[in-house]
Amino acid sequence: MRENITIVGGGLAGLTAAIACAEGGAAVVLHEAHHTLGGRARSTATPYVANDGTHVFYSDGLPWRWLDERGLVRPYAPIRPGHLARVRFRRDGRLTGRPPAGLLRMVARRGLTAPVGEDFGSWATRRFGAGAARAAARFLGVVTYESGPGRLSAAFAWERLRRVLAPRYPAARYVAGGWGRVIDRMAARARDLGVRIETGSRADRLPEGRVIVATSLDAARGLLGDDSLRWESGRSVLLDLAVRADPRDMFLVSDLDEGGFLERYSLPDPSLAPPGESLVQMQMPMRPDEPKAAALARLERIADLALPDWRGRTTWRRDAVAAGRSGALDLPGTMWRDRPAVQRDDGVWLAGDQVAAPGMLSEVSINSALAAARAALAS
């Protein structure tokens, strides 16, 4: 007889856990409170297909390989040399194609090991100088959703900087049609394996038997009655724009003045917007107690530089605040192993982007879900 495993949550972590458990021979039921699957991996409907924030997969990690082996992330739209010609840095209020010399020195010393117990700002200043440390911290805004990455553990920040600035052809992969396509394929594979998926099914109490809770920490805290399920996360304002195409538009802008980020996703994947239009997604880490309107105003200044006359060309717009749903941030003295553990009470496991698993952003969700599935199957 097959063992029964219940998954609570139908986002990237929950679907990963469901597939892995079903592949291991378990009978799986997945409960999703919303009427659609995906969580933060959802995408908007056509004609403007925007992810829930600036999303990208990196092909140099285990999560990508696990998805790719199952045919879940292809076809994808890779970055081409012509796209890289449209990459700029914002420095001192202007766009430049030249990265700061300090960042280049950091790439050259990427073999260094950064300490867990010291903040990144202090460590990077001592190693590379104050200017390089500031530039690196602002560059990290896009992968931390945090306005002050210098306060984070040096080991945590350095690992992400090395990953993004790896001296090789970019590992970023843009799934054709947006991340919603990945969720659709994952759901189809889960069903093919016999997983019973119930949407609009909110778990108000912990189901009986073996359970993998693949929700936000806030939701897991209430479901498990465990107030210790807390961890640092970032807070950013998000702005998505569709504009009529203009050959002057940039592909990507890394804001080294304030930590913001802009990316024209429809350049590698034109299917994300109607013909003759571009889809742009932007992000700005919010300062402590900063109102949304103020952060949006700062973000729009990047659009002013990267998308000339964008206000008169806009055909679609949406904005939002991402708070506590942007992945784990490790403070000095902590690392991923210190986060809420995957193993909870007997027969209960936790998965998601703020739990004790390695990786960057969504990779933590996949790695923790695979760890939870292995433990549930072996228990």
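The values are calculated or read from the model by the stated rules, or taken from the named source; none is laboratory data. Bear in mind the structure is a predicted one, so any value in this text is a computation, not a measurement. Quick reminder, even Gly has a Cβ in these numbers, built from the backbone with ideal geometry, and neighbours come from all protein chains shown. All accessible areas refer to the heavy atoms of the entire protein, side chains included, with ligands and DNA or RNA removed. Shrake-Rupley method; radii C 1.70, N 1.55, O 1.52, S 1.80 Å.
Could you pull out which residues in region 112-148 have an amide N less than 14 Å from a spot 7 Å beyond the Cα of Asp338, following the Cα-Cβ vector?
From region 112-148, the list is 115-120.
Counting alpha carbon pairs within less than 8 Å and at least 6 residues apart, what relative contact order, in whole percent, applies to region 147-288?
23
Based on DSSP H runs of at least 4 residues, each adding -39500 (n - 2.57), what is the mean residue ellipticity at 222 nm of the chain after dividing by all its residues, to the nearest 500 deg cm²/dmol?
Taken over the chain, the calculation gives -9500 deg cm²/dmol.
Would you be so kind as to identify which of Ala371, Leu331, Val280 lies farthest towards the positive end of the dipole of region 262-379, taking Lys and Arg as +1 and Asp and Glu as -1 on Cβ and the Cα centre as origin?
Farthest towards the positive pole: Val280.
Once fully extended, how much extra length lies between Ser201 and Arg94, figured as 0.36 nm per residue of separation less the alpha-carbon to alpha-carbon distance?
Stretched fully, the Ser201-Arg94 segment lengthens by 33.6 nm.
For the chain, what's the relative contact order in percent, using C-alpha pairs closer than 8 Å and at least 6 residues apart?
Dividing the mean separation by the residue count of the chain yields 25 percent.
Rounded to the nearest 20 Debye, what is the dipole magnitude of region 263-330 about its Cα centre when Lys and Arg each give +1 and Asp and Glu each give -1 at the C-beta?
Using only the charged Cβ atoms, the result is roughly 160 debye.
Place a point 7 Å from Cα of Arg70 in the direction of its Cβ. Which residues in region 1-26 have their backbone N less than 17 Å from it?
In region 1-26, the label zone of Arg70 (backbone N under 17 Å from the point 7 Å along Cα→Cβ) covers 5-26.
Give me the accessible area of Met335, 1.4 Å probe, in Å² rounded to the nearest 10.
Here the accessible area works out near 70 Å².
Fully extended, how many nm does the chain gain between Arg287 and Val107 (0.36 nm per residue separation, minus their Cα-Cα distance)?
62.0 nm
Once you place label points 7 Å from the Cα toward the Cβ at Asp345 and Leu377, how far apart are they in nm?
Result: 2.6 nm between the two label points.
Leaving ligands, DNA and RNA out of it, rank Tyr58, Tyr76 by accessible area with a 1.4 Å probe, largest first.
Heavy-atom accessible area, descending, gives Tyr76, Tyr58.
Starting from the Cα of Ser122, step 7 Å along the direction of its Cβ; do the same at Arg168; then give the gap between the two resulting points in nm.
Calculated label separation equals 3.4 nm.
Taking 2.2 N^0.38 Å as the expected size of a compact globular protein, what ratio does the Cα radius of gyration of the chain give against it, to two decimals?
0.98
Answer rounded, prolate or oblate for region 1-142, using the Cα gyration tensor with square roots of eigenvalues a ≥ b ≥ c: rounded when a/c is under 1.5, else prolate when a/b is larger than b/c, else oblate.
prolate
Given Cβ point charges of +1 (Lys, Arg) and -1 (Asp, Glu) and nothing else, what value in debye, to the nearest 20, does the dipole of region 167-290 about its Cα centre take?
660
State the antiparallel share, in %, of DSSP beta bridges confined to the chain, rounding to the nearest 5.
Of those bridges, close to 65 percent are antiparallel.
From the square roots a ≥ b ≥ c of the eigenvalues of the alpha-carbon gyration tensor of region 106-164, which class results: rounded (a/c under 1.5), prolate (a/b over b/c), or oblate?
rounded
Along the positive direction of the dipole of the chain (beta-carbon charges: Lys, Arg +1; Asp, Glu -1; about the Cα centre), which of Leu72, Ala137, Ser216 reaches farthest?
Ala137
Given Cβ point charges of +1 (Lys, Arg) and -1 (Asp, Glu) and nothing else, what value in debye, to the nearest 20, does the dipole of the chain about its Cα centre take?
1200
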